[in-house]
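The block underneath contains the structure these notes are about, expressed in structure tokens.
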Amino acid sequence: MKYISILGSTGSIGRSTLDVVSQHPELFRVAALAAGSNIKLLEDQIHTFRPEVVAVYNDASAEELKKKNLPAEILAGEQGLAAVASFDKTDMVVSAIVGSPGLLPTYEAIKAGKDIALANKEALVMAGKLIMEEASSRGVSIIPVDSEHSAVFQCLHGRDMKEVKKVILTASGGSLRTRSAAELENITPAEALKHPNWDMGRKITIDSATLMNKGLEVIEARWLFDVPADRIGVILHPQSIVHSMVEFVDSSVIAQMSLPDMKGPISYALSYPDRLGDVLPALDLAAIQELTFEKPDHEKYPCLSLAFEALRAGGTMPCVLNAANEVAVDAFLNERIAFTGIHRVVSRIMESHSVEDYSTVEEVMEASDRARKETEEMIMEKIKI
């Protein structure tokens with residue numbers, strides 16, 4: 001029996017993880033849950049999965065849950081998240097909190113010696129060196145849950161990295177793939193949120209439309225697989241059937257394919273090194289008939305170029321990229337800046353940042369907080385956006 005804690009249990013990854021757990025009660029049990037503002041769904045999850053410890057982000061939500069006399073200890077805030085992440089009965093922590101708030105609890109889980117099913121890419125974007133060094137020193141396994149990194153992980157199974165020429169991440173191109181670069185200035189949030197293949201949260205869906213999501217995944221891949229930027233490629237694949245590929249030194253390419261459903265990589269992370277049966281419908285390539293690929297247009301997707309620039313700059317630059325993007329995406333969703341303003345804002349913040357090295361999570365968070373503040377000030381003052 002493997003005991004699971006989930007950071008972000010009411011989000012799309014968290015819900016899918018609980019679906020997998022419910023299908024295999026003989027293999028998995030929920031030890032602890034952490035969630036944000038969806039208190040009603042969290043209450044339902046507590047009744048169904050009977051975790052011992054539950055954490056919510058704010059005190060008011062915690063007090064609301066405590067009044068219901070639920071069969072779990074209710075905690076709040078960063079200390080509550082840390083308690084869920086490091087809960088002593090937990091074998092594996094599913095890190096599925098969206099964005100920078102996922103860094104600290106993920107780091108706490110690693111320090112507590114918990115294996116990680118990683119869906120929060122920002123932890124590695126912001127502090128990849130620190131996270132991987134801590135995991136190595138603690139003997140912690142980090143199993144990727146992002147479909148692209150799960151695909152690479154599966155393609156690399158049992159292989160020596162000296163045999164790898166290139167890691168190739170696929171991208172759907174998001175909701176705006178068929179739009180021209182000239183059309184993007186007037187794109188509305190409603191248009192950008194219509195992803196053709198995946199059911200994701202609002203922030204990640206916008207990141208998919210700008211291809212920043214793929215840029216963040218490039219940085220994540222650098223740390224997960226210990227490959228430099230010049231050995232990581234991105235290719236558009238609108239059907240989202242080939243989730244990523246690995247090219248080897250003999251020019252052979254191995255790809256991982258399945259229908260676009262996050263239950264696939266989630267179940268693989270939970271059960272690794274074994275595989276569970278009947279996770280997804282069978283892939284019928286004859287019915288699909290056509291798989292297409294195209295190079296990303298960096299004029300149309302400048303955020304992808306910014307991510308590569310941040311990775312090459314190193315130090316705190318990827319953290320600054322991520323922080324500026326989070327603020328800019330929120331501003332776009334609230335119609336404070338244009339869609340194309342996202343990359344302009346991020347670019348200006350990166351230009352103003354002096355790269356620093358870091359050795360602690362606190363230093364990373366300080367850099368992130370400064371970048372967030374500067375980005376918000378830029379948007380409020382409409383400086384060169």
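Computed quantities for the displayed model
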{"quantity": "Considering residues of region 334-382 that are basic (K, R) and exposed (fewer than 14 other Cβ atoms within 10 Å of the Cβ) only, the residue nearest to E191 (Cα to Cα)", "calculated": "K382"}
{"quantity": "Criterion (outside the structural domain of L27 (by TED's automatic domain parsing), in contact with a Leu (Cβ under 9 Å, 6 or more places away or on another chain) and without any contact (Cβ under 8 Å) to a residue 40 or more places away in the chain) met by exactly one of L270, L276, L280", "calculated": "L280"}
{"quantity": "Residues (surrounded by fewer than 24 Cβ atoms within 10 Å (Cβ to Cβ) and more than 21 Å from R15 (Cα to Cα)) located in region 182-217", "calculated": "A182, E183, L184, E185, N186, I187, T188, P189, A190, E191"}
{"quantity": "Verdict on H237 being outside the structural domain of G36 (by TED's automatic domain parsing), without any contact (Cβ under 8 Å) to a residue 24 or more places away in the chain and farther than 24 Å from M132 by Cα", "calculated": "no"}
{"quantity": "In region 306-330, the residues that are more than 12 Å from M126 (Cβ to Cβ) and not hydrophobic (A, V, I, L, M, F, W, C)", "calculated": "E309, R312, G314, D330"}
{"quantity": "Candidate set: region 148-178, residues that are within 27 Å of I6 (Cβ to Cβ) and modelled with pLDDT under 95; chosen: the one surrounded by the most Cβ atoms within 10 Å (Cβ to Cβ)", "calculated": "G174"}
{"quantity": "Residue match in region 348-366 (condition: under 20 Å from the mean Cα position of the chain (by Cα) and either closer than 18 Å to L306 by Cα or among the basic types (K, R) (or both))", "calculated": "no"}
{"quantity": "Residue match in region 346-354 (condition: aliphatic (A, V, I, L, M), part of a helix (DSSP H, G or I) and closer than 22 Å to E133 by Cβ)", "calculated": "no"}
{"quantity": "Which numbered condition S5 misses (of (1) free of Cβ contacts under 8 Å to residues at least 60 places away in the same chain; (2) under 19 Å from T90 (Cα atoms); (3) polar (S, T, N, Q))", "calculated": "(1)"}
{"quantity": "Subset of region 281-307 [among the basic types (K, R) and surrounded by 15 or more Cβ atoms within 10 Å (Cβ to Cβ)]", "calculated": "K300"}
{"quantity": "Matching residues, region 116-141, being surrounded by fewer than 24 Cβ atoms within 10 Å (Cβ to Cβ) and either in contact (Cβ under 8 Å) with a residue 12 or more places away in the chain or touching a His at 6+ places or on another chain (Cβ under 8 Å) (or both)", "calculated": "G128, K129, L130, M132, E134, A135, R138, G139, V140, S141"}
{"quantity": "Residue within region 262-276 that is of a type outside the set (D, E) and more than 22 Å from Q154 (Cβ to Cβ) present", "calculated": "no"}
{"quantity": "Condition met for A323 (assigned by TED's automatic domain parsing to the domain that holds A371 and in contact with a Lys or Arg (Cβ under 6 Å, 6 or more places away or on another chain))", "calculated": "yes"}
{"quantity": "Only one of V345, V329, V320 that is more than 21 Å from R222 (Cα to Cα), under 18 Å from the mean Cα position of the chain (by Cα) and in contact (Cβ under 8 Å) with a residue 24 or more places away in the chain", "calculated": "V329"}
{"quantity": "Residue within region 62-77 that is buried (at least 17 other Cβ atoms within 10 Å of the Cβ), modelled with pLDDT under 95 and closer than 28 Å to P318 by Cβ present", "calculated": "no"}
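The values are calculated or read from the model by the stated rules, or taken from the named source; none is laboratory data. As the structure is a computational prediction, the values presented were derived from the model and not from experiment. Every residue, glycine among them, receives a Cβ derived from its backbone with ideal geometry; neighbour counts consider all protein chains shown.
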